[in-house]
Amino acid sequence: MYFLATGGIVRNHNGEWIIGYNRLLGSCSVFDAGLWDILDGLGILIDGGYDHVRIQADSLEAAK
């Protein structure tokens, strides 16, 4: 277990920045942090009304 934070950015189809986000997770595994990162990004997209998305992650385990 590590003391971790996670964050990312949301871009439109032209690669232009829409919003950035981050979250202090505290003590958790790197795998859990990857999942929280994806979940936070999806939550922002759903709240914004986006329904076609592509997720890019640097954690192969979380992406699976």
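Residue-level check: of (1) part of a helix (DSSP H, G or I); (2) open to solvent by 60 Å² or more (accessible area, probe 1.4 Å), I9 misses just (1).
For the condition part of a helix (DSSP H, G or I) and acidic (D, E), D32 qualifies. Of all the numbered requirements in (1) in a loop (DSSP other than H, G, I, E, B); (2) more than 13 Å from the chain's Cα centre (by Cα), G26 misses one, and that requirement is (1). Among the residues of region 20-58, count how many are open to solvent by 70 Å² or more (accessible area, probe 1.4 Å), in contact with a strand residue (DSSP E or B) (Cβ under 9 Å, 6 or more places away or on another chain) and at pLDDT 90 or above. Qualifying residue count, region 20-58: 4. Whenever a residue of region 30-46 is closer than 12 Å to G8 by Cα and in contact (Cβ under 8 Å) with a residue 12 or more places away in the chain, its partners that are in a helix (DSSP H, G or I) and charged (D, E, K, R), lying with C-beta atoms within less than 8 angstrom and at least six residues away or across chains, give the pairs G34/E61.
The values are calculated or read from the model by the stated rules, or taken from the named source; none is laboratory data. Since the model is a prediction, treat every value here as computed from it, not as a measurement. Cβ sites come from the backbone with ideal geometry, for glycine too, and all protein chains shown count toward neighbours. Remember, those area values only see protein heavy atoms, side chains included, never the ligands or the DNA or RNA. Shrake-Rupley method; radii C 1.70, N 1.55, O 1.52, S 1.80 Å.
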